[in-house]
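The values are calculated or read from the model by the stated rules, or taken from the named source; none is laboratory data. Here the structure is a predicted model, which is why all the values come from computation and not from measurement. Note that each Cβ is placed from the backbone with ideal geometry, even for glycine, and that neighbours are counted across all protein chains shown. Only protein heavy atoms, including side chains, enter the accessible area calculation; ligands, DNA and RNA are left aside. Shrake-Rupley method; radii C 1.70, N 1.55, O 1.52, S 1.80 Å.
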Amino acid sequence: MGLPKLNTVEYFGTLPISKIEVKYRPFNVKEQKILLQSLEEGEVKGIQHGLISLLRACCDLQDSRLKIEQLSNTDLEWLFIQIRMKSVGETTKVMLGCHNQESCDGQTPITIDFNEMKIEGEIGEEKVQLNDKVGVVLRVPSYKDIQTITNNMKNPAEEAFSTEVVFQILNRCIVQIFDENTVHDASDFSGEEIDSFIDDLTLDQFNKMMEWYESVPKMVYNAEFKCDKCGLEQSQELTGLQSFFA
């Protein structure tokens, strides 16, 4: 006679960016163990793989055309946090460094309440007119896009905002390039050709694309705390899963 099976509660929600309906459940001990092991190893590629594997096991996108890794970073982070809240609780503790780094190396523990997280930003018009004749159609980068770019990074938290990474993300965000007479699908051109197109933009044209990308919604937690060492009152905006589980 086999051991009894425990019933698992299922939950339903709507992803904030794609608006796809999703069914999810808490992760079990085996799934948590795999994720914790990848976190302990500290390899970016391993952590990303562990996260995707856990989400694949614990949720079901009601739009079967998409895979988990094709979701935007914000959708994926929101989904993981919902599952984590149902699995181990609605709060977590992190250590935040003092802003006054020149004279204080204090580290202060704070408690993050996931219920107080907000999604800030908005997705602008997908067509961005660069000048009177030429424009681009952009899309929100997927988790897979970011994963591909960051796979080989040694320090992703430091390198995530480097010039090279920004250019790679913009390259992947371009769906079409159009002028008065023709619409060109970016998929018909090599990455080098798209890079060349970006390199030839004026600063004003490049900034139009950057403004669109920077306005994409993201999950934010505004932490207010007093440094345990020097007593300085300060605030810090936390974004990205690495900020909430460091």
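Observations on the model:
- Fluctuation leader among LYS133, LYS208, LYS118 - the chain, Gaussian network, Cα springs under 10 angstrom: LYS133
- Contact order relative to length of region 1-137, as percent, for alpha carbon pairs under 8 angstrom and 6 or more apart: 18
- Nearest 10 degrees, 0 to 90: helix 203-214 Cα axis against the chain principal axis: 30
- Integer Hz, Karplus 6.51/-1.76/1.60 couplings in order for region 86-100, x for Gly and Pro: 6, 8, 10, x, 8, 10, 8, 10, 9, 9, 10, x, 5, 5, 7
- Lys pairs, region 14-173 - Cα-Cα below 14 angstrom, 8 or more residues apart or on other chains: 5
- Overall, the ratio between the Cα radius of gyration of the chain and 2.2 N^0.38 Å, rounded to two decimals, is 1.16.
- MRE, 222 nm, helices only [DSSP H, n ≥ 4, -39500 (n - 2.57), over the chain, to nearest 500]: -11000 deg cm²/dmol
- Highest-first arrangement of 89-95, 217-223, where packing means the average Cβ count within 10 Å: 217-223, 89-95
- Between the Cα long axis of helix 29-41 and the first principal axis of the chain there is an angle of about 60°, rounded to the nearest 10.
- One way to sum up the overall shape of region 1-122 is the equivalent ellipsoid from its Cα gyration tensor, whose semi-axes run 29, 20, 15 Å, largest first.
- Length gained when the stretch ASP63-GLU211 is fully extended (0.36 nm per residue, less Cα-Cα span): 50.3 nm
- Accessible-area composition of the chain, carbon plus sulfur, in percent [1.4 Å probe]: 47
- Dipole of the chain computed with +1 at Lys/Arg Cβ and -1 at Asp/Glu Cβ about the Cα centre; of SER38, ALA186, TRP212, farthest Cα towards the positive end is SER38.
- Shape category assigned to region 74-219 from the gyration tensor of Cα positions, a/c cut at 1.5: prolate
- The angle separating the long axis of helix 163-173 from the principal Cα axis of greatest extent in the chain is about 80 degrees.
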